[in-house]
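One structure is given here, and the rest of the page talks about it.
The values are calculated or read from the model by the stated rules, or taken from the named source; none is laboratory data. Everything quoted here is computed from the prediction, not taken from an experiment. Here the Cβ positions follow ideal geometry from the backbone for every residue, glycine too, while neighbour counts run over all protein chains shown.
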Amino acid sequence: MKYVIGLDYGTDSCRAIIADALSGKEISTAVKYYPRWKEGKYCDPKTNRYRQHPLDYTEVLEESIREALAKAPAGTAESVVGMAFDTTGSTPVLIDKDGNPLALRPEFAENPNAMFVLWKDHTSIREAAEINELAKKWEIDYTAYEGGIYSSEWVWAKMLHILREDGQIRKAAYSWAEHCDWMPALITGNSKPETMPRSRCAAGHKAMWHTSWDGLPSEEFLTTLDPLLAGFRSRLYRETHPSNTKVGYLTPEWAERLGLTTKVAVAVGAFDCHMGAVGAQIKPGDFVRVIGTSTCDIMAVPYEEIGDKLIPGICGQVDGSVIPGMIGLEAGQSGFGDIYAWFKRVLEWPLTQLVSKSNLLDMENKEKLITEITEAIIPELTKEAEKIPVRESTLIATDWMNGRRTPDANQLLTGSICGLTLGSTAPLIFRALAEATAYGSKAIVDRFQESGIEIKEVIGIGGISLKSPFVMQTLSDVLGMPIKVAKTEQACAFGAAMFAAVVAGVHEKVEDAQDAMGQGFAFKYHPNGENHAAYMELYKKYQQIGEFTEKTTI
C-alpha cells in the first residue's frame, strides 16, 4: 500500500487526510484548530487586522498528522510516500535571511506585524490603491493578468503596509514568503528566501508574477511605489512552479516530529481553492465554487479557449495554477458564510450581554441557555426563511460587508439592506442576505460569460454546499444553473493528496490522480424556473442598489 497526506490550512483550522494513493480511499482524518487564533489573539476586527502566529501552523501540523496516523491501521506511517499543502491566500509573512518568520524571533514573538497576514486582513487598502494608480501609469501594467485591479488582500500591498507601519520590523525583514510556500520549505529544509521553491499559484494570482516581464514587477516599479521595497525583488524569485513539482523530502527532524519517514516527497504548495477544485475533479468548462466564510471560484481553461483574452476584474489568470497545462482562473466573494455569521452575532447580542447578567438563573444554566439558543439561531432562521415565497422577498441586500473581491475588487465597499419596514422580520432579513450572496455569485458568472468563457457545469465544495440546502437551492435558482455538490467535505485536502500522489510518482499527472482518487458527487440542485425569472427582476435591483452604494458611500 502507498498512502499520501493532504493538508488543508483553512482560516480557523488545519485538516489532515491520509488517503490511499491508488484508489483515493480515505484512511483517516484529523482537524486541529489554531490555538492562538481561537483565542482571538493578534486580531483587531475594528481595523480589519487579522494575523496568525507561525507557531499555530507548526503545532497543528504535528498534532493533526500524529492524530490521523493514530487513527489509521498499524504500519501506515511507513507507507506514506507523499505530502502536499494548501493554505489560505494571500497569507504572507516577512522573513529573515534564513527564511524564518520574524514572529519566531523572541523580540517579535508578540508583534502582529511579524506574523502571517491572513487573506481577510484589509489594513492595506491605501497601499493597494497606490499600486493600482502606478500600474496604470507604467509602461507595463503589472496587474493585467490579475484582473487589472490589485487588491488589499494580496501580498505586495500587505507587505508594504507593514514595512511602513513598523520600523523595527522593517529593519529585521529580509524577504517575504506566502504561507503555502513556507510550509513545504520548512519541512524539507529549503527555506532560504532565494532558493525556496515558490508556488506558481500564489505568485501569479497575488504577486503580479508573469513570464512576459521576467517574473515579478521590476525593481524600478517597486521602488517608485515606495523606496522601502528596494532590494526585495532580488531576494525573492524569478522562477515559480505548479504543484506537480517536488520541493524535496522530509528532513530527519521533521520526519521524527511527524512520525513519518524521510522518504516522504513534498509538493509545491498552492491556495486552498485551487487545490479544492482539483479535489472536486475539475475539468474544462467546470465552474468550481469553494463556499465557506468567503467564496473562491475556480476554472481551468485550455490554452486554445483562453487565447489572448484578458478577463477584467477577476483574481487572475495563471498558467498552471490549477491544472498544469491549462490556464487557471480565479474569482470570488470576500464574504459569504461570514455574512450569515455577522447576522447571527447581531441576534446573539442580548444573549451574551443581558442573559449572562441575569439573576434569574445560576451560571451553569445561563451558559446552557446561551449555548442552546446560539446554536439554534441559523437553523431556525433557515426554516422560517425557506417558507417565504420569492415574490414576497421584498428586501434587497448587497454582499459587501467585507468589501468586494470580484468582479472589480474594492475593499472600501460596505454592505447595505434596502426596503426595511416595521414589518421586516429576522427571517426576512436572513433570506435577503442569502439572496445577496447568490446575487454576488451571479455577478461573477456574468463576468466570465461576458468575457467569452464557457461555463458548462457548476460544482460546489465546502461546508455550506453540503450543509445548507436552502442556500444552495437559492444559489441554483439565482444562477439558473444546476449545481453538483462534491461528496467529500475535504475536497481541498483531497486535492492536496492528489498532488502528493503525483510528486511521489504514484500517478504520472494530476488528471490521472483525479480519475483514480476522485470521490464523486453527493447530489445535485436544479433551478426552479419560476423562481429564476423572479430573481432576475430582483437581481436588477441588486445591481442598481450596488451602483448607488458604490457611488455615494465611499
*Tally time: how many residues in the stretch 42-86 are among the aliphatic types (A, V, I, L, M) and assigned to a helix (DSSP H, G or I)?*
8
*Of the residues Val278, Val290, which single one is in a helix (DSSP H, G or I) and crowded, with 24+ Cβ neighbours inside 10 Å?*
Val278
_Test: Gly189 is of a type outside the set (D, E, K, R) and surrounded by fewer than 22 Cβ atoms within 10 Å (Cβ to Cβ)_ = yes
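One line per residue, one yes/no per condition, for (1) of a type in the set (Val, Ile, Thr); (2) touching a His at 6+ places or on another chain (Cβ under 9 Å); (3) within 30 Å of Val506 (Cα to Cα); (4) touching a residue at least 24 places away in the same chain (Cβ under 8 Å):
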position	(1), (2), (3), (4)
Asp86	no, yes, yes, yes
Pro101	no, yes, no, yes
Glu139	no, no, no, no
Gly147	no, no, no, yes
Ile162	yes, no, no, yes
*Within the stretch 148-186, how many residues turn out to be of a type in the set (Phe, Trp, Tyr), surrounded by 24 or more Cβ atoms within 10 Å (Cβ to Cβ) and part of a loop (DSSP other than H, G, I, E, B)?*
2
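Would you confirm whether or not the stretch 34-44 contains a residue that is within 30 Å of Asn244 (Cβ to Cβ), free of Cβ contacts under 8 Å to residues at least 40 places away in the same chain, surrounded by fewer than 20 Cβ atoms within 10 Å (Cβ to Cβ) and over 18 Å from the mean Cα position of the chain (by Cα)?
Initially, the stretch 34-44 is screened for residues within 30 Å of Asn244 (Cβ to Cβ), giving 34.
From what's left, free of Cβ contacts under 8 Å to residues at least 40 places away in the same chain: 34.
Imposing the further condition that a residue be surrounded by fewer than 20 Cβ atoms within 10 Å (Cβ to Cβ) reduces the set to none.
For the stretch 34-44, residues within 30 Å of Asn244 (Cβ to Cβ), free of Cβ contacts under 8 Å to residues at least 40 places away in the same chain, surrounded by fewer than 20 Cβ atoms within 10 Å (Cβ to Cβ) and over 18 Å from the mean Cα position of the chain (by Cα): absent.
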*Of all the residues that make up the stretch 513-554, how many are out of contact with any Ser or Thr (no Cβ under 7 Å at 6 or more places or on another chain), at pLDDT 95 or above, outside any helix (DSSP H, G or I) and farther than 30 Å from Ala84 by Cβ?*
1
*Identity of the residue in the stretch 511-554, of a type in the set (A, V, I, L, M) and touching a helix residue (DSSP H, G or I) at 6+ places or on another chain (Cβ under 6 Å), that ends up nearest to Asp399 (Cα to Cα)*: Ala534
_Unmet criterion (only one of (1) within 23 Å of Trp342 (Cβ to Cβ); (2) in a helix (DSSP H, G or I)) for Gly460_ = (2)
_Looking for something closer than 21 Å to Met275 by Cα and either assigned to a helix (DSSP H, G or I) or in contact with a strand residue (DSSP E or B) (Cβ under 9 Å, 6 or more places away or on another chain) (or both) - is there at least one such residue anywhere in the stretch 98-112?_
no
*Can you tell me which residue within the stretch 124-147, out of those that are modelled with pLDDT of 95 or more and not in a helix (DSSP H, G or I), is nearest to Leu55 (Cα to Cα)?*
Ser124
_Of the conditions (1) surrounded by fewer than 17 Cβ atoms within 10 Å (Cβ to Cβ); (2) β-branched (Val, Ile, Thr); (3) at pLDDT 95 or above, Thr47 satisfies every one except a single condition; which number is it?_
(3)
*Taking Thr352 and the conditions (1) hydroxyl-bearing (Ser, Thr, Tyr); (2) under 24 Å from Gly89 (Cα atoms); (3) loosely packed, with under 15 Cβ neighbours inside 10 Å, which numbered condition does it fall short on, given that it satisfies the others?*
(2)
*What is the residue count in the stretch 491-512 for residues that are part of a helix (DSSP H, G or I) and within 13 Å of Gly6 (Cα to Cα)?*
13
*Selection from the stretch 211-265 of residues that are in a loop (DSSP other than H, G, I, E, B), in contact with a strand residue (DSSP E or B) (Cβ under 7 Å, 6 or more places away or on another chain) and of a type in the set (A, V, I, L, M)*: Leu236, Leu250, Leu260, Val264
_the stretch 496-518, subset under 15 Å from Thr245 (Cβ atoms) and not hydrophobic (A, V, I, L, M, F, W, C), residue surrounded by the most Cβ atoms within 10 Å (Cβ to Cβ)_ = His507
_Any residue at all in the stretch 533-547 that's of a type in the set (Val, Ile, Thr) and over 30 Å from Cys180 (Cβ atoms)?_
yes
*asked:* Of everything in the stretch 313-324, what is modelled with pLDDT of 95 or more and either part of a loop (DSSP other than H, G, I, E, B) or surrounded by 22 or more Cβ atoms within 10 Å (Cβ to Cβ) (or both)? Give them in sequence order.
replied: Gln317, Val318, Gly320, Ser321, Val322, Ile323, Pro324
